[in-house]
Every structure is written in structure tokens, then in C-alpha cells.
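Note sheet for the following structure.
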Amino acid sequence: MVVLEKGEPGREASPAAAGWLAFANPETPPPLRPLALASAKLFPEYVADLEESSSVKVDLRRHGTIAFLRGTEIPPHYRMLSLDELRRLEPAVDAAGRHAFFAAEGSVDPALLMQAALRSAARHGIEIRSHCAVEALAGSGSQVEVRTRAERLTAKTVIDCRGAWSGVPVKPRKGQALYLQPDCTDLLQHVVASPEVYLVPRSSGKIFAGATVEDVGYDKTVQPEVIRQLHAAAARLVPQLASATVIECWAGLRPGTPDDLPLLGATATPGLFLASGHFRNGILLAPVTARIMGDLAMGKGPSADISAFSPLRFAPIPA
């Protein structure tokens with residue numbers, strides 16, 4: 001197996017993500033919710049396999065999510081917390097007169113997850129070619145031709161998983177985020193989310209704060225004012241974060257689609273499959289996507305219903 005990577009492996013959207021395994025998020029489009037839940041259930045086994053084969057710990061945390069939601073209806077998988085429960089679970093959080101809800105979700109450190117995946121791939125004999133951007137994909141008899149600047153490769157089965165660079169209808173959706181380092185290394189245990197910001201603690205003590213959703217093409221400029229706004233929103237949610245140090249900030253490009261649903265399955269070109277358009281759920285959907293695409297590559301039926309995610313629901317994607 002050969003993987004062609006346009007830049008350095010694992011350096012684009014994946015490590016820029018929060019790693020919040022938000023299968024219960026009410027903002028997730030309804031057709032995607034069953035797949036999100038199925039993937040969340042796969043995550044413990046997925047992580048265990050990766051950690052065993054890579055010897056890298058990926059910081060899978062299963063403490064749950066505390067969320068301040070829009071609207072008054074309690075969505076599935078959430079339960080309302082009393083003020084006493086909130087104070088017991090997360091004493092540093094300021095409810096500001098809002099109702100808090102709990103969901104049994106988790107989180108993972110995407111940067112460590114990518115390290116584990118890359119090391120595991122190497123140990124399983126998978127060749128990853130860096131700085132080898134795919135410029136075109138086309139049918140060629142019973143094969144699929146993959147064109148790069150340096151060469152042309154052919155294969156019976158090709159999976160296009162180029163993220164924001166997959167071509168129409170996929171387009172980049174920029175997200176800016178930052179890491180905060182509070183004085184107290186155990187300030188938060190749960191993911192804490194509001195409509196303005198979400199906070200994802202790591203076992204190291206640092207806290208992810210993000211993230212914007214911007215339609216600005218392939219611009220990954222980090223804007224200081226946006227970082228200040230995210231920091232301020234984090235401090236309103238957890239006042240002790242006002243004095244926390246910003247230790248890192250960045251921008252990444254999520255692969256979005258017109259209906260915010262992923263593209264999974266066969267394209268109009270025989271042998272060419274697409275796994276893209278995961279938008280804000282790329283890390284969460286990784287295990288189930290891997291299983292589905294593995295099934296398809298082996299000529300099997302997919303292990304989940306992916307009819308809602310067919311790439312053919314849009315105009316054919318040009319090579």
C-alpha cells in the first residue's frame with residue numbers, strides 16, 4: 001500500500017483539530033448522527049490498537065462533555081445538570097445563569113493520534129511518500145491513474161482522501177484555535193462547550209480553545225484579534241483562564257461540503273473511492289471511515305449505511 005501526501009504527513013487538518021469526540025452534538029446534521037455514534041463506540045478499540053502497534057499514548061479521555069446549549073430542548077444523549085452538580089464536576093466553570101448539560105463524550109489529542117497512526121503505518125509496511133501532491137485522478141482501462149508532478153501511478157483501487165484539496169464540491173473551512181496553559185494543571189477535567197467557544201483539556205494540563213469557522217479559501221493566516229476573542233470567550237466560561245498563557249495558536253482547513261455531510265464511497269470512476277468532506281468531525285469519524293473504506297477497497301459491502309454520503313449526490317467530481 002502506498003500513501004501519497006502533498007506535504008508532511010499528519011501536518012494539515014488532523015493535528016489542528018480539537019479532538020473532541022462530539023457524537024452527541026446537536027449541531028451535527030441528523031443524517032450523520034448514527035455514523036458519529038457508531039464511530040465513537042469504535043474509538044476505544046481503535047486507540048488501543050494504535051497504541052499497541054505504535055507505543056504512542058494518544059491521551060484518550062472519557063470524562064464527558066459539559067455544554068451550554070442554544071435553545072431549551074434537551075437533545076438526545078444530554079441530561080441537564082443542577083448547579084450543585086456543575087460545581088461538583090467543574091468548580092472553575094461560570095454558568096452565568098445558563099443551564100448546563102452533560103453528555104458521555106470524550107476527547108483525544110489529535111497530534112498524538114497522528115504520531116501513533118504514522119508509526120503504526122510504518123510498522124505495518126505502508127509506504128508514505130511526502131511532498132507528493134496528487135494533481136489528477138482518472139480512469140485508465142481497469143485501473144485508476146494517479147498523476148503527480150513527478151510520475152504517473154496506476155492501481156486497481158484508489159482512495160481519494162485529500163481533505164480540503166479533494167476538489168469540487170469540497171471546499172476549505174478555516175478554523176483558528178489556541179492552546180492555553182493555566183497555572184493550575186488540573187483546572188478542567190471535562191470538555192466544556194458554549195456557543196462562543198469550546199475547551200478541550202489535555203492530560204498535560206494545557207487546554208485547547210477553539211474554533212472559528214471561516215470561508216476564506218486556503219488562507220491559514222492566524223489573526224491576533226481572533227485569538228484574543230477566543231481567549232476572552234474562554235475566560236468568560238472559565239474565569240481563571242483570563243490569566244492563562246497563550247502557548248500556541250494556529251489555523252487549519254477543514255474539508256466542508258454544501259450540506260455539511262461527508263463524502264464516502266464510490267465515485268463515477270470505477271475503482272476510485274472518496275473519503276472526504278468530514279468538516280468538523282474528521283477525528284471523530286476516523287475509525288468508522290477507516291473501516292468503511294477498508295471494506296470497499298476489499299470489494300466488500302460497507303459495514304454501515306453510507307447512502308446519505310454518496311459522492312454521486314453532487315455533480316461528478318473532476319479529476
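The values are calculated or read from the model by the stated rules, or taken from the named source; none is laboratory data. What you see is a predicted model; the values in this text were computed from it and never measured. Heads up, the Cβs are rebuilt from the backbone with ideal geometry, glycines too, and the neighbour counts pull from every protein chain shown. For accessibility, only protein heavy atoms count, side chains too; no ligands or nucleic acids. Shrake-Rupley method; radii C 1.70, N 1.55, O 1.52, S 1.80 Å.
List of remarks:
- Under 13 Å, Cβ to Cβ, from VAL213 - net charge with Lys/Arg +1 and Asp/Glu -1: 0
- Surface share of carbon and sulfur [accessible, 1.4 angstrom probe, percent] for the range 215-319: 57
- Taking every DSSP beta bridge that has both ends in the chain, the antiparallel portion is near 85%.
- With DNA, RNA and ligands ignored, accessible area of HIS278 (1.4 Å probe; Å², nearest 10): 20
- Accessible area of HIS77 in the full protein assembly, 1.4 Å probe (Å², nearest 10): 110
- Overall shape: prolate for the chain, with the ratio a/c of the largest to smallest alpha carbon gyration tensor axis at 1.5 or above and a/b above b/c.
- For THR269, the solvent-accessible surface with a 1.4 Å probe is about 40 Å², rounded to the nearest 10.
- Within a Gaussian network of the chain (alpha carbon springs, distance under 10 Å), most fluctuating of ALA92, ALA104, ALA150: ALA150
- Trypsin sites (Lys or Arg not before Pro) restricted to the range 136-206 and DSSP loop, no more than 16 other C-beta within 10 Å: ARG149, LYS156
- Karplus-based coupling profile of the range 307-314, in residue order and whole Hz: 4, 6, 10, 4, x, 6, 6, 10, with θ = phi - 60° in 6.51 cos²θ - 1.76 cosθ + 1.60 and x standing for Gly or Pro.
- FRET efficiency estimate (nearest 0.05) - Cβ-Cβ, ARG62 to ALA266, R0 30 angstrom: 0.30
- With both labels modelled 7 Å from their Cα along Cα-to-Cβ, the GLU151 to SER243 distance reads 5.8 nm.
- Neighbourhood charge, 15 Å Cβ-Cβ cut-off, centred on THR157 and excluding it, Lys, Arg +1 and Asp, Glu -1: -1
- The GluC sites (Glu not before Pro) found in the range 132-173 that occupy coil by DSSP, while having at most 11 further C-beta atoms within 10 Å, are GLU151.
- Under-5 Å amide H pairs with SER140, H placed in peptide plane, nonlocal only: GLU145
- Kyte-Doolittle mean at least -1.0, axial Cα span of 18 Å or more - DSSP H helices of the chain: 33-54, 110-123, 224-237
- Average Cα contact separation per residue, the chain, under 8 Å, 6 or more apart, as relative contact order %: 23
- Its relative contact order, with pairs defined as Cα atoms under 8 Å and 6+ residues apart, puts the range 72-157 at 16 percent.
- Neighbour net charge for VAL238 - beta-carbon separation under 10 angstrom, K R +1, D E -1: -1
- Taken one residue at a time, the phi angles of the range 98-109 give Karplus couplings (6.51, -1.76, 1.60, θ = phi - 60°) of 9, 7, 9, 10, 10, 9, 7, 9, x, 8, 9, 8 Hz. Gly and Pro are set to x.
- Residue-normalised accessible area of the chain, given per residue in Å² at a 1.4 Å probe: 48
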